[in-house]
Each structure stands twice: as C-alpha cells, then as structure tokens.
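To start, the structure under review is shown below, and the notes come after it.
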Amino acid sequence: MSTRKLLAPQPNPETDAFWDGLGEGVLRIKTCESCGQPHYYPRHICPHCGSEKTRWLESAGCGEIYSLSVMRRGEGAPFAVAYVTLDEGPALMTNLVADDLDTLAIGQRVRLAPQASDADTVGDGPSLPFFTPSGD
C-alpha cells in the first residue's frame, strides 16, 4: 500500500496560533467580539461583519460529519475526506481516520485526532487537523 502525501501547511503570523495549537493537540478557531460569530479558517477580519475585533477560542474539537467521500483509487487509497461541522458552528474540510472507512456516515460524531500514520507530510510545517469517530 502506498503512503499518501500531504503538503505541509505554510503558517503565517495570522495563523501561527492555530498551527501551534494543533501541535499541542488543541483546535483553535476565531470568534468575533463584535457579532459573536465563530469562524474558520483562521483570519484576522471577521467574515460575517468585517470587524477586526477577533480573538482565539479553544474549540472542544468535537463535531459531526456534514458530508464525506471515501477515496478508493489513486495514491494512498483508501482514505476519507469530509466536511465536519464543529459544535461551535464553523465547518472545516478535513481528513477522517477510522479502522473501517465503511463505518463512517453523515451525522456521525467525530473528535480531533492525531495525524494518521498512513499520511506523510511533505515539507517542513505543522501537522494537519484530522478527525476520528468519537463513539458518542
């Protein structure tokens, strides 16, 4: 079985806290102090109201699968990618880690997980957020 290659993210000053948090096993998202809306991906300006009054919020790292696709062909297959809606509200595209990819389902509860061992990050940089079924 071939190993799946993922490009390492390229942090910048605006996203450093996000990537540093993942390195500590914590998922951080931004929330707006003006309109109260949490948002993902990490950025300084709120996409809901345009305010620059945003701050980091430590997410519980839990959510549910909104949509998913299991890739069965190509380099590194099989693997699963999904949109996960976090309990705090924002959705993010991510990779799912499970012993049996056929057990994954829309609406299933998931939680932040360490990076999968079958995926190698190419280049220097932090690991990516992966999710796994939570058993809830």
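Miscellaneous remarks
- Pick from the stretch 62-83, criterion modelled with pLDDT of 95 or more and open to solvent by less than 30 Å² (accessible area, probe 1.4 Å), ranking: farthest from ARG111 (Cα to Cα): ALA82
- Consider the stretch 41-59 and keep the residues that are out of contact with any Lys or Arg (no Cβ under 6 Å at 6 or more places or on another chain) and open to solvent by less than 60 Å² (accessible area, probe 1.4 Å). The one that is nearest to GLU88 (Cα to Cα) is SER59.
- Matching option when the condition is touching a Cys at 6+ places or on another chain (Cβ under 8 Å), aliphatic (A, V, I, L, M) and closer than 19 Å to LEU128 by Cα, among LEU57, LEU22, LEU86: LEU86
- Within the stretch 104-122, if we keep just the residues that are open to solvent by 50 Å² or more (accessible area, probe 1.4 Å) and at pLDDT below 90, the residue that is farthest from ASP16 (Cα to Cα) turns out to be ASP118.
- Comparison of PRO13, PRO9 shows that the only residue that is assigned to a loop (DSSP other than H, G, I, E, B) and surrounded by 15 or more Cβ atoms within 10 Å (Cβ to Cβ) is PRO9.
- Those residues of the stretch 49-86 which are of a type in the set (Asp, Glu) and either assigned to a strand (DSSP E or B) or within 13 Å of the chain's Cα centre (by Cα) (or both), in sequence order: GLU58, GLU64
- For the stretch 16-40, filtered to residues that are of a type in the set (D, E, K, R) and open to solvent by 50 Å² or more (accessible area, probe 1.4 Å), the residue that is nearest to the chain's Cα centre (by Cα) is ARG28.
- Residues within the stretch 94-114 that are closer than 18 Å to SER127 by Cβ and in a helix (DSSP H, G or I), tallied: 0
- The residues of the stretch 84-93 that are open to solvent by 40 Å² or more (accessible area, probe 1.4 Å) and in contact (Cβ under 8 Å) with a residue 40 or more places away in the chain, listed by number, are GLU88, GLY89, ALA91.
The values are calculated or read from the model by the stated rules, or taken from the named source; none is laboratory data. Note that the structure is a prediction, hence the values are computed from the model and not measured. Glycine gets a Cβ as well: all are built from the backbone with ideal geometry, and neighbour counts include every protein chain shown. Accessible surface areas use protein heavy atoms only, side chains included; no ligands, DNA or RNA. Shrake-Rupley method; radii C 1.70, N 1.55, O 1.52, S 1.80 Å.
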